[in-house]
Amino acid sequence: MKSKQRRAYQSPVREAQAAQTRERILEALGRIIGETGNSDVLFDRLAEVAGVQRRTVFRHFENRDVLLRAFWTWLNARITSQVLPETESQLVDLPVEAFEGLDRHENLIRASLHSEAGRELRHGALPERRAAFAKAIAPSAQGLSAAERRKLEGAIHVLYSASAWELLKDYCGMSGREAGQTVSWAIRALLSQARQSPSANLLSKGTK
């Protein structure tokens, strides 16, 4: 006699409710970080702001690390439609949209830049970010030596970052859009220089 395999019924209504609760918790975390500038949020406080029970928070996010990773993904999706570039043209064009998005969530971004939790989250995303940037610059970096390519990648990482956005705003009085345009211009210039004279480009000046 063949045994019948039972399948758990997934209620669309229940799934929608769970998604709404998850969204409410992440929004509450965003409000707390935006108000306090601190991402080291207690689950009791998070549950209070979200209007749910503490055990509900743990049901969706079993620990602090899971919560913060989910929040980072949630926040990135609201900053820009595409976080990482897939092509060289995207690497040049995306900073404007991304930096405008950073402006919309300024308190949250500043908190993530200057908190231990924020640094942990950014470090966790580094391997994927490095791989995406290396792929995007590959067409322009074909003629560069390994050392020059490393300098090019490093310069572009610094330019296309929340840290650059913050510095351009604070030191130069730029809006997010202006900062994004500045970064796009600088990245375009670096890539153009790398393509035009790979054996004696500006990146290698000053080296012995």
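The values are calculated or read from the model by the stated rules, or taken from the named source; none is laboratory data. Note that the structure is predicted; figures quoted are calculated from it, not measured. A quick note on method: Cβ atoms are made from the backbone with ideal geometry, for glycine too, and the neighbour counts reach across all protein chains shown. What goes into the accessible areas is simple: the full protein's heavy atoms, side chains included, and nothing from ligands, DNA or RNA. Shrake-Rupley method; radii C 1.70, N 1.55, O 1.52, S 1.80 Å.
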How long are the semi-axes of the equivalent ellipsoid of the chain, taking √(5λ) for every eigenvalue λ of the Cα gyration tensor, in whole Å from largest down? 40, 23, 14
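Just the accessible area per residue of the chain, please: how many Å² with a 1.4 Å probe?
Averaged over the residues of the chain, the accessible area is 61 Å².
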Kindly provide the helix-only [θ] at 222 nm of the chain, computed as the sum of -39,500 (n - 2.57) over DSSP H runs of four or more divided by all residues, to the nearest 500 deg cm²/dmol? -23500 deg cm²/dmol
Compute the distance in nm between two label points, each set 7 Å from the Cα along the Cα-to-Cβ direction, one at Val13 and one at Ser89. 4.8
Carbon/sulfur fraction of accessible area - the chain, other protein chains in place, 1.4 Å, %: 51
Grab the Cα-Cα distance for Val158 and Gln196, subtract it from 0.36 nm times how many residues apart they are, and report the gain in nm with one decimal. 11.5 nm
Protection-proxy order for peptides 90-101, 157-168, each taking the mean of Cβ atoms within 10 Å per residue, highest first: 90-101, 157-168
For the stretch 14-110, what Kirkwood radius comes out of the mean inverse Cα-Cα distance, in Å? 14.5
For the chain, longest principal axis from Cα atoms; helix 176-196 axis from its Cα atoms; angle between them, nearest 10 degrees, is 50
Under a point spin-label approximation (7 Å from Cα along Cα-to-Cβ), what is the Thr73-Asp170 distance to one decimal in nm? 3.1
When the Debye formula is applied to the Cα atoms of the stretch 50-103, each taken as the same point scatterer, what base-10 log of I(q)/I(0) results at q = 0.15, 0.30, 0.31 Å⁻¹? -0.57, -1.10, -1.13
Mean Cβ-within-10 Å packing, highest first, puts peptides 139-146, 183-190 in the order 183-190, 139-146
